[in-house]
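Here's the structure we're looking at; comments come further down.
The values are calculated or read from the model by the stated rules, or taken from the named source; none is laboratory data. Just so we're clear, the structure is a prediction, and the values are computed from it rather than from any experiment. Backbone-built Cβ (ideal geometry, glycine too); neighbour counts: all protein chains shown.
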């Protein structure tokens, strides 16, 4: 049996991961990045049925995670991954172990995970996450998985690898400068690379994502209706699907709130321009991420002379690239143990 390589991308909105990889077919899955803590392991929902979640033990508590976690009580408090040190929380570890649970393997030879660019650049963060991911993970119910080796990448790096694979341009990308922009649920990430080497001085991230867009619209609804409206899901569905959300049993037109909501991507892109300038020396500009659909107009307006590439499978772009990078790194190590890494950084401890 060959080496087992797996990838996990814990985003602020969704946790994406490789469920299986038989060499020819890779199965990608995801569930919300929400973890509900309780003192005891959850067996059912009280009605005799069992929702699609799993109880993961972490530090004396059990965290319910999985596709149906929205059915857990008090999930508003379960959305805790909203700060730069989120990967140090028990909830983050529960999400990772939840993904490991659904992989159904006992050992992983190489696990590839990601961090937002700004977090990735902070000295010590990469090595801290690597140490946290290494070793034996208790999945509950008598199950565990052993992770033998870990690689941490900046999240948009995965999208660059995936773009090169989809368009059969990995060789060309090694000679070109690229800008990868990843508007997510909570962060707006971007990296500039020379080949596969990240240029740290031009790469960064902001806490400005779809969460902020939805919050702006929710604030507008609250003011107009005289309520404290906090239901982001119907707003998000309306933005993506074009249908009016049903609020208070009636269709609600959110168009009046869109001008202020569009200021979120405009401000995020404006900050990015301080780092990348007019991008005149950049050959490839690539947009990925769950918020790409809402941020792309601001991005295109900022770079009118460039062709902007938008990956269709934006949700899984990073984790697909992580898996490809993991495969290549594993292959390199087997063939030449001292081979240089596929994805590098231009300074510090990062690989």
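Worth pointing out:
- Which numbered condition residue 260 misses (of (1) over 30 Å from residue 160 (Cβ atoms); (2) in contact (Cβ under 8 Å) with a residue 40 or more places away in the chain; (3) crowded, with 19+ Cβ neighbours inside 10 Å): (3)
- Candidate set: the stretch 116-132, residues that are within 16 Å of residue 191 (Cα to Cα) and assigned to a helix (DSSP H, G or I); chosen: the one nearest to the chain's Cα centre (by Cα): 117
- Inspection of the stretch 244-252 identifies no residue that is exposed (fewer than 12 other Cβ atoms within 10 Å of the Cβ), under 29 Å from residue 156 (Cβ atoms) and in contact (Cβ under 8 Å) with a residue 12 or more places away in the chain.
- Only one of 175, 186 that is under 23 Å from residue 321 (Cα atoms) and more than 22 Å from the chain's Cα centre (by Cα): 175
- Hits in the stretch 165-206 - residues which are free of Cβ contacts under 8 Å to residues at least 40 places away in the same chain, closer than 19 Å to residue 329 by Cβ and surrounded by fewer than 24 Cβ atoms within 10 Å (Cβ to Cβ): 170, 171, 174, 195
- The residue that is farthest from residue 158 (Cα to Cα), among those in the stretch 1-13 that are within 13 Å of the chain's Cα centre (by Cα) and at pLDDT 90 or above, is 10.
- Of all residues in the stretch 102-115, those that are within 16 Å of the chain's Cα centre (by Cα) and surrounded by fewer than 14 Cβ atoms within 10 Å (Cβ to Cβ) total 0.
- Per the listing 59, 74, 84, the residue uniquely modelled with pLDDT under 90 and on the phi > 0 side of the Ramachandran plot is 74.
- Some residue of the stretch 288-295 being surrounded by 13 or more Cβ atoms within 10 Å (Cβ to Cβ), within 30 Å of residue 153 (Cα to Cα), at pLDDT 95 or above and under 19 Å from the mean Cα position of the chain (by Cα): yes
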